[in-house]
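Coordinate-derived values only; no laboratory data. Keep in mind it's a predicted model, so treat the numbers as computed, not measured. Please note: Cβ atoms are built from the backbone with ideal geometry, for glycine as well, and neighbour counts cover all protein chains shown.
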Amino acid sequence: MEVAHGIGWSPTKISRAESGRGSIPPHEIAKLIDYYGVAGPLRAQLLSLAEDAVRQGWWEDYADVLAPEYSEFIGLEAEAASVLSCHFEVVPGLLQTEEYARQISLGYQRVIPVLPSEVEQVVRIRMIRQERLVREPVLHLSAIIDESVLLRNMGGPAVMRAQLEHLALMSEQFNVEIRVLPFSRNISLAVASFLVLRFGSRDAPASAGLGDVVSTESLRSDLCIEGEGDTYKYRLVHRAIADASLSPDESRHFITNVAKDRY
């Protein structure tokens, strides 16, 4: 009631907005932001998100093949400023070649029957997602890839050779950092693949802007939105694994040598 009175909204309008049963136009969002005293960069960021919310995202054209969780993940990724990722099974989706991504989707098709056209749509979605790495405002990616990912023969030697060459090429971009965690490194952390979406400055604490989102990534992505305490732990894990990994330059040479010697 206090919020409704303070900004001149009805209690019903507040209730519908809070429950997600009604949308709020950006100029009304501004009233709510001002009422709560939000100012500076965070205010501008929230208003920008409000403007984006009334525009249809490209991924909505693929709603018939996207699980709701994956659709929500793509929407968050489209707004993120940077991503921290650790992958121990497959190459990160943002760095996959088209044929590598297709082989992953075909693998799922053997256990989760889908139409061939849907496989191609899933691959297309992954390729569109990658545009964030090359168009403004570019997404900054810090990816750690386990050595086992490079050695796992996904789709055959030709597919893997092209994929590893693509990784080496992408690692030369200013906004992409790739580190390889080799078998020889001593690290006692046992974690599953994950990624952290960050929405403010890469060096700013989450409290300075919108909170981080931690997610696992697969064909049917499991989205997990965590509190600051949990996301902070994931950032620490990423840092610890990065410290145990090869440097970006060493990783590029490692990837190139695996492509040449193994495939």
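For each of 254, 199, count neighbouring Cβ atoms within 10 Å of the residue's Cβ, then give the residues from fewest to most.
Values: 254 22, 199 18.
Final ranking by Cβ density, sparse to dense: 199, 254.
Summarising the amide proton neighbourhood of residue 144: residues at separation of 5 or more, or on other chains, whose placed amide H is nearer than 5 Å comprise 85, 86, 87, 179. Between residue 82 and 140, 198, the built amide H atoms are under 5 Å apart, and every one of these is 5 or more places off in sequence or on another chain. The string of couplings for region 255-263 from the Karplus curve (6.51, -1.76, 1.60, θ = phi - 60°) is 4, 4, 5, 5, 4, 6, 8, 9, 10 Hz, one whole number per residue in order, with x for Gly and Pro.
Counting Lys and Arg as +1 and Asp and Glu as -1 over every other residue whose Cβ lies under 14 Å from the Cβ of residue 255, the net charge comes to -2.
Estimated translational diffusion coefficient (Stokes-Einstein, Kirkwood radius over Cα pairs, 10 °C, 1.306 mPa s) of region 58-262: 91 µm² per second.
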